[in-house]
Amino acid sequence: REKGRWRDQGERGREVERDMERGRVRDFSIGKLGGFHVEALAGGNVLSSDMFNHLEVLTEMLGLKGNPMDRSRIKHKRVYRIPLGRYLVKVNNQNPEDVNSVVVNYYQKDAVTFRDTVILELIDDLMSEPLFNQLRTNLQLGYDVECSDHLTHGVTGFSITVSSQANKFTVTEINAYIDLFIDWFLAYLGNMPGEQFEKRLSESIKQKIKPHLTIDDQLDQMWSEIMTREYIFDRDERCGEVLKTVTREEVMVVVRDLFRGNARKLSIQVEGNPDGVEVEEEKESDDEESEDDSEDDSDDDNDEEKKRMSSYGTPNMTPLCTSTTVPSTSPICSQNTSPA
């Protein structure tokens, strides 16, 4: 390299600092921070009076003292509303040698209330285990199966995600099996004994109202309320109170409305190459025994869930078809929806 062509970035920065006047920095800061305001959160062993004093010093240093929040300048994030109906975005995996496929079905809620968010969280709790057992364990539909409730800038929704391989199932088949599972799930809820539903409801309430294990967890939750500008600092307590009044019939109405009646569904499908490379196993064959041992606990949990589901008289979802080829007509094949 030519001598002097490249200079140390730190030295250049120090030269700029030496040439910079304090007044120019102050004027620049005031111009840039003029429309700013400060929101602060404190927790732990600190007095409120001390916190207000620190806040006074900070706002004075930044030139923001007495500068009220101008809410008209706050840019609110917006979320696209999915029209009524079912919409599809389908693309090929960008890697032509990759056999992996994924289907994400997102269902957007029409009306949005605090109660809606609570019920969707409950639906997530009720659906997660049966979804995994039916689509992953029984049907072997994919190596990753999950569901999740969403609250995106004030808009509620729900998603079901299946990661699979194109040489085993097409994305069209996966999407069809997800639709069948939703029908199954409605029957599952309908056949669940009332006392069992109340037990699951009580478990969800306990999870909501249990105290935070660390102050960091508590502050993280409170700070998220500030970041989203919702400021519901007692959200968990409110959720617990709402859950005490939720009925199974109300949950089933929300499920039907979300997934069936007035559905706003967006299916995003990425299809792999059936002739692509198989996903390599994370462990060698000599490590399989240790993996089997680690899976014993999860197998016991799955067995317990299966026993609980069978006690509900839930419909048998397997096998849905005698082959992985899904006919073009709907439904995929006949399904027993009567109690076992």
Could you tally the net charge around residue 101, taking each other residue with its Cβ under 12 Å from the Cβ of residue 101, Lys/Arg +1 and Asp/Glu -1?
-2
Prolate/oblate/rounded call for the range 76-149, Cα gyration tensor, a/c under 1.5 rounded:
oblate
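Which pairs break 28 Å Cα to Cα here: 77/265; 244/265; 75/109; 77/109; 109/208?
Values: 77/265 21 Å; 244/265 30 Å; 75/109 24 Å; 77/109 18 Å; 109/208 22 Å.
Too far apart for the 28 Å limit: 244/265.
None of the figures in this text is laboratory data; all of them are computed from the coordinates on show. Because the structure is a prediction, the values reported are computed rather than measured. Note that each Cβ is placed from the backbone with ideal geometry, even for glycine, and that neighbours are counted across all protein chains shown.
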